[in-house]
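**Student:** Below is one structure. I have some questions about it.
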Amino acid sequence: MPSTKTAAKTVAKKSAKRPNVNAAIAKPAAAKPKTKASGQFDPKRDLAPERVAEILRRLDAAYPNAECALIHRNAWELLVATILSAQCTDARVNMVTPELFRKYPTPQAMAEAPLPAIEEEIRSTGFYRNKAKSISGAAKKIVGEFKGQVPRTMAELLTVPGAARKTANVVLGVAYKIAEGVVVDTHVLRLSNRLSLTISTEPKKVEQELMQIIPKDHWIAFSHELIHHGRQVCIARKPRCVDCTLETLCHSKDKTWSSH
Ligand code: SF4
C-alpha cells in the first residue's frame, strides 16, 4: 500500500497533467500590458530617415519650448553650472549657483577665490572637491588665456579644466547657439538606446552616430527634448510607455507597455 506521502505525490502529478478547466472557461483577463517588444536593432528600419524625422517631429510637438534647465545669465555661469551638474540634479545646482555667483560673479573673481571657499559654496552638489578644482582651474584658464571670455570653439573649450565634450556642447549650443555636436548626457544616452538610434553605450560614439542621422539644425533642440522626455516620460527605472508620444516607434526591450 502506498504511503500517504506517495499517494499525495501521485495525485499532484496527475492533476498537473490535467487541463485546467477553470482556466479554459475563465473570462479573458483585462488586456495586459506587454512587457517586451521586439528589441532587436535593425539599422535599416531604425535609422531610416523617415523614422528619425518622425521621432524629431513628435519630440518637437511634445516639447516646443524645451530649454536647458540650468539657470544662468551668461556663458561663464552656464559653464560653471554644467560642471556642477555632474552626478547632481539641475534643481540642486540651481539652489547653489545664485549665492556662488553673488560672491564670485566673474571668472576673475572666481580665479581669485580660495579653493576652500568655493568648496564650501558647492558642497551640497557632491564631489565638491573635484568640482571646486575644475571651477577654479576653468576661471584661471579663461582669465589667463581667453581674456576673461568663455571661448566659442570646441577645440578651445576642451582645454578648459572641467569641460569635456558634453559640457562644451552645452555651452556652445545653449549660450552661443553654435551646433558643434549633440549633448549626450545620461538621458540622451538611455533614450537613444531605447529608441534604437544607437546600440552603443559610449557617449562619444553615441554622439558621433547621432550626428550622422540627425540633421544639424536639430542637434541642439534634440538633446533638450530628449532630456525632458527622459525626465518626464521615459524614466530610467520605469518608463511611462503608455503616455509616450514615441511609443508606436519604439521597440525597446525596456517597454512597460506596447501597442504593437
Ligand atoms: S517611454 Fe517607453 S515607448 Fe517611450 S521611448 Fe521610452 S521605452 Fe520607448
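The values are calculated or read from the model by the stated rules, or taken from the named source; none is laboratory data. Only a predicted model underlies this, so the values are computations on that prediction, with no experimental measurement involved. Glycine also receives a Cβ, built like all others from the backbone with ideal geometry; neighbour counts cover every protein chain displayed. Accessible surface is based on the protein model in full, side chains and every heavy atom, while ligands, DNA and RNA are left aside. Shrake-Rupley method; radii C 1.70, N 1.55, O 1.52, S 1.80 Å.
**Student:** Among (1) more than 8 Å from the ligand (Cβ to nearest atom); (2) of a type in the set (S, T, N, Q); (3) outside any helix (DSSP H, G or I), there is one condition S223 misses while meeting the rest; what is its number?
**Tutor:** If we test S223 against (1) more than 8 Å from the ligand (Cβ to nearest atom); (2) of a type in the set (S, T, N, Q); (3) outside any helix (DSSP H, G or I), just (3) comes out false.
**Student:** Taking the conditions exactly as written (farther than 14 Å from I55 by Cα, more than 9 Å from the ligand (Cβ to nearest atom) and within 15 Å of the chain's Cα centre (by Cα)), does K216 satisfy them or not?
**Tutor:** Numbers: farther than 14 Å from I55 by Cα: yes; more than 9 Å from the ligand (Cβ to nearest atom): yes; within 15 Å of the chain's Cα centre (by Cα): no.
Taking the combined requirement at face value, the residue does not satisfy it.
**Student:** Further question on the same structure: Among the residues of the stretch 159-181, count how many are charged (D, E, K, R), surrounded by fewer than 19 Cβ atoms within 10 Å (Cβ to Cβ) and within 18 Å of the chain's Cα centre (by Cα).
**Tutor:** Start the filter on the stretch 159-181 by keeping residues that are charged (D, E, K, R), which leaves 165-166, 177, 180.
Right, trim to surrounded by fewer than 19 Cβ atoms within 10 Å (Cβ to Cβ) and you get 165, 177.
Okay, now just the ones that are also within 18 Å of the chain's Cα centre (by Cα), so 165.
Final tally of qualifying residues: 1.
**Student:** In the stretch 66-106, what count of residues is obtained for those that are of a type in the set (D, E, K, R), touching a residue at least 12 places away in the same chain (Cβ under 8 Å) and assigned to a helix (DSSP H, G or I)?
**Tutor:** So the answer is 5.
**Student:** Within the stretch 54-90, take every residue that is over 18 Å from the mean Cα position of the chain (by Cα) and among the acidic types (D, E) and give me the one that is least open to solvent (accessible area, probe 1.4 Å).
**Tutor:** That would be E77.
**Student:** Here's something else I'd like to know. Taking the stated definitions as given, is V150 buried (at least 16 other Cβ atoms within 10 Å of the Cβ), out of contact with any strand residue (DSSP E or B) (no Cβ under 6 Å at 6 or more places or on another chain), touching a residue at least 60 places away in the same chain (Cβ under 8 Å) and not in a helix (DSSP H, G or I)? Before you say what the answer is, go through the steps one by one.
**Tutor:** Details: buried (at least 16 other Cβ atoms within 10 Å of the Cβ): yes; out of contact with any strand residue (DSSP E or B) (no Cβ under 6 Å at 6 or more places or on another chain): yes; touching a residue at least 60 places away in the same chain (Cβ under 8 Å): yes; not in a helix (DSSP H, G or I): yes.
Taking the combined requirement at face value, the residue satisfies it.
**Student:** Hey, does the stretch 182-201 have a residue that's under 11 Å from the mean Cα position of the chain (by Cα), open to solvent by less than 60 Å² (accessible area, probe 1.4 Å) and acidic (D, E)?
**Tutor:** yes
**Student:** Assess whether G230 counts as being surrounded by 19 or more Cβ atoms within 10 Å (Cβ to Cβ), within 11 Å of the ligand (Cβ to nearest atom) and closer than 25 Å to T89 by Cα.
**Tutor:** For G230, the condition - surrounded by 19 or more Cβ atoms within 10 Å (Cβ to Cβ), within 11 Å of the ligand (Cβ to nearest atom) and closer than 25 Å to T89 by Cα - is met.
**Student:** Which residue out of V184, V171, V160 is under 24 Å from S136 (Cβ atoms), among the β-branched types (V, I, T) and outside any helix (DSSP H, G or I)? Even if it seems obvious, please write down each step before you answer.
**Tutor:** Values: V184 fails: under 24 Å from S136 (Cβ atoms); V171 fails: outside any helix (DSSP H, G or I).
Step by step, each of V184, V171, V160 is checked, and only V160 is under 24 Å from S136 (Cβ atoms), among the β-branched types (V, I, T) and outside any helix (DSSP H, G or I).
**Student:** Moving to a separate point now. Looking at the stretch 249-260 only, could you name the residues that are closer than 13 Å to D46 by Cα and either touching a Leu at 6+ places or on another chain (Cβ under 8 Å) or open to solvent by 80 Å² or more (accessible area, probe 1.4 Å) (or both)?
**Tutor:** At the first step, the residues of the stretch 249-260 found to be closer than 13 Å to D46 by Cα are 249-252.
Within the stretch 249-260, L249, C250, S252 meet the criteria.
**Student:** Report whether or not E156 is touching a helix residue (DSSP H, G or I) at 6+ places or on another chain (Cβ under 6 Å) and open to solvent by 60 Å² or more (accessible area, probe 1.4 Å).
**Tutor:** Working: touching a helix residue (DSSP H, G or I) at 6+ places or on another chain (Cβ under 6 Å): no; open to solvent by 60 Å² or more (accessible area, probe 1.4 Å): yes.
So E156 does not fit the description; no.
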